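Notes to accompany the following structure.
The values are calculated or read from the model by the stated rules, or taken from the named source; none is laboratory data. Just so it is clear, the model here is predicted, and its values are computed rather than measured. Here the Cβ positions follow ideal geometry from the backbone for every residue, glycine too, while neighbour counts run over all protein chains shown. Side chains are part of the model used for accessible areas, which takes the heavy atoms of the whole protein and leaves out ligands, DNA and RNA. Shrake-Rupley method; radii C 1.70, N 1.55, O 1.52, S 1.80 Å.
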Amino acid sequence: QVQLVESGGGLVQAGGSLRLSCAASGSIFSFNAMGWYRQAPGKQRELVATITSGGRINYADSVKGRFTISRDNAKNTVYLQMNGLKPEDTAVYYCNAEGVLVSTHRYLEVWGQGALVTVSS
């Protein structure tokens, strides 16, 4: 199948920056979109940013102007650059990929293991 491995989480002070990475590996997967979601303690998982295979990008209003999503198709990797971090950004960030598994032509959605981002005041 496909696996997503995340890295780059950590502890940072308010106003600081972090960059998350998500690398896909395994079966050949034709991606329609990849994105980042986050879940704070006691809250539901929410969309942060998505990017399609064609380069179209969507951000949650709460992160517009501060976060940037990008991808490197050759490396099968998606990134989330987070600047101007706020305490309310504290959450577990999950990478997501959706598309078609080439070997079977079946639609597939895959999640990363999660990366904890903690922003102190």
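Details
- With R₀ set to 35 Å, the beta-carbon distance separating SER121 from SER30 gives a calculated FRET efficiency near 0.25.
- Residues whose amide H lies under 5 Å from that of LEU85, counting only those 5 or more places away or on a different chain, are GLY15, GLY16; hydrogens are built 1.01 Å from N in the peptide plane.
- The residues of segment 79-121 expose, per residue, 49 Å² of accessible area to a 1.4 Å probe.
- Formal net charge of residues neighbouring PHE67 (Cβ-Cβ distance under 12 Å; K, R +1; D, E -1): +3
- Rg to Rh, two decimals, where segment 52-121 supplies the alpha carbon set and Rh follows Kirkwood: 1.02
- Projected-area mean, the chain, by convex hull of Cα positions, square nanometres: 7.1
- Amide H within-cut-off set for THR90, under 5 Å, with H built and near neighbours excluded: VAL119
- Proximity of backbone amide H atoms, modeled 1.01 Å from N, is registered between VAL48 and TRP36, TYR37, ARG38 at under 5 Å, excluding neighbours fewer than 5 places apart on the same chain.
- Residue-wise HN-Hα couplings along segment 91-99, as the Karplus relation 6.51 cos²θ - 1.76 cosθ + 1.60 with θ = phi - 60° gives them from phi, are 4, 8, 9, 10, 7, 9, 9, 9, x Hz; Gly and Pro carry x.
- Equivalent-ellipsoid semi-axes of segment 1-45, from the Cα gyration tensor, Å, largest first: 26, 14, 10
- 3J(HN,Hα) from dihedral phi, segment 36-46, Karplus parametrisation 6.51/-1.76/1.60, rounded to Hz, x for glycine, proline: 10, 10, 9, 9, 8, x, x, 10, 7, 5, 10
- Note, ³J(HN,Hα) from phi for segment 69-85, Karplus 6.51, -1.76, 1.60, rounded to Hz, x at Gly and Pro: 9, 8, 9, 10, 4, 5, 9, 6, 10, 10, 10, 10, 8, 10, 10, x, 5
- Per residue, the accessible area of segment 7-49 comes to 54 Å² when a 1.4 Å probe rolls over the protein heavy atoms.
- Computed label-point distance, nm, for sites ARG106 and ASN58 using a 7 Å Cα→Cβ extension: 2.6
- Across the accessible surface of the chain, with the other protein chains kept in place and a 1.4 Å probe, carbon and sulfur atoms take up 48 percent.
- When TYR59, TYR107 are compared by accessible area of protein heavy atoms, the largest-first order is TYR107, TYR59, using a 1.4 Å probe.
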